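J.: Please see the structure below; I have some questions.
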Amino acid sequence: MAALIPNVISMQSEFIQATLETLYMTFFSAIISAILGLLFGILLVVTQPKGILEDALTYSVLDKVVNLLRSIPFIILLAVISPLTQFLIGTTVGTTASLVPLVFGIFPFYARQVQNALLDVDHGVVEAAQSMGSSPSEIIFRVYLREGLPDIIRVSIVTVISLIGLTTMAGAIGSGGLGDIAISIGYARFENDVTFVAMIIILILVFAVQLIGDWIVKKVEHY
Amino acid sequence: MTEQNIIDLKNITVTFKNGATPVKAVDNVSLAIPRGDIYGIIGYSGAGKSTLVRVINLLQPPTSGTITVNGQNLQQLPPKALRQARKKVGMIFQHFNLMKSRTVLGNVEYPLLSQKITAAERKQKAQKLLALVGLAEYAATYPSQLSGGQKQRVAIARALANDPEVLISDEATSALDPKTTKAILELLEKLHETLDLTIVLITHEMQVIKTICHNVAVMDAGKIIERGRVASVFTDPQQPLTTDFVETSTNVKAAIERITATVKVDELAADQELIYFNFIGNSAKQSIISDLAQQYKIDVNILFANIDQIDGENVGYMIAIITGDLAGFDQAITKLKDNGVKARRLSQPKGAD
Ligand SMILES: Nc1ncnc2c1ncn2[C@@H]1O[C@H](COP(=O)(O)OP(=O)(O)OP(=O)(O)O)[C@@H](O)[C@H]1O
Ligand SMILES: [Mg+2]
């Protein structure tokens, strides 16, 4: 073991620390992005032309904001967003500071995914609910979110996996985490075993997310 | 609330702006539906039937015209009152539109979620409705496990949950086989009787109209081109489209095609003609044949005959070759008209060419 991964053995506590940092970044930015993404996704669907709360202005503004944010490469977003990070967190470096660019990097992506998931909800079912006198909020919560739940969970899995990927880049602003170890220690010091083990841990996280997600989808889907 | 017409649409026009050319899906239609009626609306695809009925609960706001349901002008209601009014108009659809994330019971409970009743009361009411449509034992199943006919029954139970006074059926049987269609129509008829429901039924099959409707309106290109009691529309269609629907549903169309293909109309003797008879009442058929034979010395050779029950009346169709004194025949037919018999020549009048 020691012969295969000589540098990792001596860095056990750093690896534990980095894994926790990655989990921390993923978890909190996922929570915040979920709220923002769901909000944007739902608003996009209900305000779209022929939506239940059709509103051309809101729709086009949201649509453009999402497109714009999605167009910025993450590595640039990390830097460009630093004034906002400074304002919100009080610093622009560190694990917590990375939450701001992570959220802005992932929530527009999630919003689009949620929008697509909700667009797949049969329009006839929405119309049936309207014919039964359901209010817009009842239709959102009892029809869209409920009928779209399996798909929302599916896109959430994809999003969390993408998010884990983004956290590794946040090392560029001193976020720590597995990506940071892989690059600033493993790559910089030519300690390939460190890079390799960091990758393995990330893969394990990704598989775990996929497995748990698939299991939940199976529980909630009825066809 | 004892207005005679539970639904009163006045001068409804719906225009869709599809790109450059606006489509008038509904074109100045006025339609009054009497309380307690089963009113059919028939027309080919694209005639504007769905658009028209979606106006009834304002799912489709009209470009112009007024909508009165149960004495209320729906267009003047604020959103909340409109939703309340919609609850009194149940709707079922061609593709059932059930929620796949909810059980059968959950689907029927859905409209009750916004009512201020306990979960137990809600469940009890939903179960009662499921029993009414004959699906009591399917409460815990998911819609994906049901047949089309069963799904439509669930949709009917759901549509009844708010105790509506009107049930709109938009091609509810179009995705079902003839046997299931018949069962669903029987269920609707039963509900009409037991719950005092007014039913508005859209279809493109005259067979469906014939089975349960009292009144019918024929739609074409956004307009109602003909309307009236089903029996009279059946026996005396005024418009070519209506005639087409009627003859398709009674098999007369197929029979005429078959007969004119086999009987060489040109080869009929000088004293022969091919005639299509149409009559109301059971005794009519006998009397045509005997009257013609005895009083007018005309023989009737029947090639096709069919009797239908329409809105409680027997309506008959007959294609026959008559032989004898043709001058007397016209006279006879004028007289028979008073007994509800009509005749139409399928062969060219002699000496016409
Ligand atoms: N939401 C819409 N936007 C634009 N055009 C529409 C819309 N709904 C219907 N139309 C058009 O209006 C016309 C009437 O459509 P409608 O659905 O009312 O016909 P229908 O008689 O119900 O036909 P079907 O038997 O196929 O259901 C069609 O030309 C259709 O393309
Ligand atoms: Mg239609």
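The values are calculated or read from the model by the stated rules, or taken from the named source; none is laboratory data. Please read all numbers here as calculations on a predicted model, not as lab measurements. Every residue, glycine among them, receives a Cβ derived from its backbone with ideal geometry; neighbour counts consider all protein chains shown. Please note that ligands, DNA and RNA were not included when accessible areas were found on the heavy atoms of the full protein model with its side chains. Shrake-Rupley method; radii C 1.70, N 1.55, O 1.52, S 1.80 Å.
J.: Scan A:Q130, A:Q210 and give me the residue that is more than 24 Å from A:V66 (Cα to Cα), assigned to a helix (DSSP H, G or I), within 14 Å of another protein chain (Cβ to nearest Cβ) and open to solvent by 30 Å² or more (accessible area, probe 1.4 Å).
T.: A:Q130
J.: Across the stretch A:173-207, what is the number of residues that are under 19 Å from A:D151 (Cα atoms) and open to solvent by 90 Å² or more (accessible area, probe 1.4 Å)? Let's see the steps before the verdict.
T.: Going residue by residue through the stretch A:173-207, those that are under 19 Å from A:D151 (Cα atoms) are A:206-207.
From the residues that got through so far, the ones that are open to solvent by 90 Å² or more (accessible area, probe 1.4 Å) too are A:207.
The total comes to 1.
J.: Looking only at the stretch B:103-117, count every residue that is charged (D, E, K, R) and at pLDDT 95 or above and tell me the total. Walk me through how you get there before you give the answer.
T.: First pass over the stretch B:103-117, keeping only residues charged (D, E, K, R): B:109, B:116.
Next, from what is left, pick out any that are at pLDDT 95 or above: B:109.
Of the residues in the stretch B:103-117, 1 are charged (D, E, K, R) and at pLDDT 95 or above.
J.: A follow-up question, please. Scan the stretch B:62-114 for residues that are under 19 Å from B:I12 (Cα atoms), of a type in the set (G, A, S) and in contact with a Pro (Cβ under 6 Å, 6 or more places away or on another chain) and report the count.
T.: 0
J.: On to the next question. For the stretch B:327-339, check the following and say yes or no: at least one residue is open to solvent by less than 40 Å² (accessible area, probe 1.4 Å), over 26 Å from B:A231 (Cβ atoms) and polar (S, T, N, Q).
T.: Scanning the stretch B:327-339, I find no residue that is open to solvent by less than 40 Å² (accessible area, probe 1.4 Å), over 26 Å from B:A231 (Cβ atoms) and polar (S, T, N, Q), so the answer is no.
J.: Which of the residues that make up the stretch B:88-101 are facing chain A (nearest Cβ under 8 Å) and surrounded by fewer than 21 Cβ atoms within 10 Å (Cβ to Cβ)?
T.: B:H95, B:K100
J.: Identify the residue in the stretch B:164-186 that is more than 16 Å from ligand 1 (Cβ to nearest atom), out of contact with any His (no Cβ under 9 Å at 6 or more places or on another chain) and touching a residue at least 40 places away in the same chain (Cβ under 8 Å) and, among all such residues, is most open to solvent (accessible area, probe 1.4 Å). Break it down into steps so the answer makes sense when it comes.
T.: Residues of the stretch B:164-186 that are more than 16 Å from ligand 1 (Cβ to nearest atom), as a first pass: B:164-167, B:177-180, B:182-186.
Those left that are additionally out of contact with any His (no Cβ under 9 Å at 6 or more places or on another chain): B:164-166, B:177-180, B:182-186.
If we keep only those that are touching a residue at least 40 places away in the same chain (Cβ under 8 Å) as well, we get B:164-166.
On the way: B:P164: 13, B:E165: 64, B:V166: 2 Å².
Applying the filter and picking the extreme gives B:E165.
J.: Scan B:L241, B:L195, B:L132, B:L191 and give me the residue that is away from ligand 2 (no atom under 16 Å from the Cβ), of a type in the set (A, V, I, L, M, F, W, C), more than 14 Å from every other protein chain (Cβ to nearest Cβ) and open to solvent by 60 Å² or more (accessible area, probe 1.4 Å).
T.: Details: B:L241 fails: open to solvent by 60 Å² or more (accessible area, probe 1.4 Å); B:L132 fails: open to solvent by 60 Å² or more (accessible area, probe 1.4 Å); B:L191 fails: open to solvent by 60 Å² or more (accessible area, probe 1.4 Å).
After applying the criteria, what remains is B:L195.
J.: Check whether at least one residue in the stretch B:83-92 is within 16 Å of ligand 2 (Cβ to nearest atom), closer than 25 Å to B:T248 by Cβ, outside any loop (DSSP other than H, G, I, E, B) and among the hydrophobic types (A, V, I, L, M, F, W, C), and report yes or no.
T.: Let us first name the residues in the stretch B:83-92 that are within 16 Å of ligand 2 (Cβ to nearest atom), namely B:91-92.
Subsequent filtering for residues that are closer than 25 Å to B:T248 by Cβ retains B:92.
Now drop any that are not outside any loop (DSSP other than H, G, I, E, B), which leaves B:92.
Of the ones still in play, those that are also among the hydrophobic types (A, V, I, L, M, F, W, C) are B:92.
Yes; the residues of the stretch B:83-92 include at least one that is within 16 Å of ligand 2 (Cβ to nearest atom), closer than 25 Å to B:T248 by Cβ, outside any loop (DSSP other than H, G, I, E, B) and among the hydrophobic types (A, V, I, L, M, F, W, C).
J.: For the stretch B:9-63, enumerate the residues that are in a strand (DSSP E or B), more than 10 Å from ligand 1 (Cβ to nearest atom) and within 14 Å of chain A (Cβ to nearest Cβ).
T.: Of everything in the stretch B:9-63, nothing turns out to be in a strand (DSSP E or B), more than 10 Å from ligand 1 (Cβ to nearest atom) and within 14 Å of chain A (Cβ to nearest Cβ).
J.: Here's something else I'd like to know. Take the residues of the stretch B:16-62 that are open to solvent by 20 Å² or more (accessible area, probe 1.4 Å) and hydrophobic (A, V, I, L, M, F, W, C): which is farthest from ligand 2 (Cβ to nearest atom)?
T.: Among those residues, the one meeting the criterion is B:A20.
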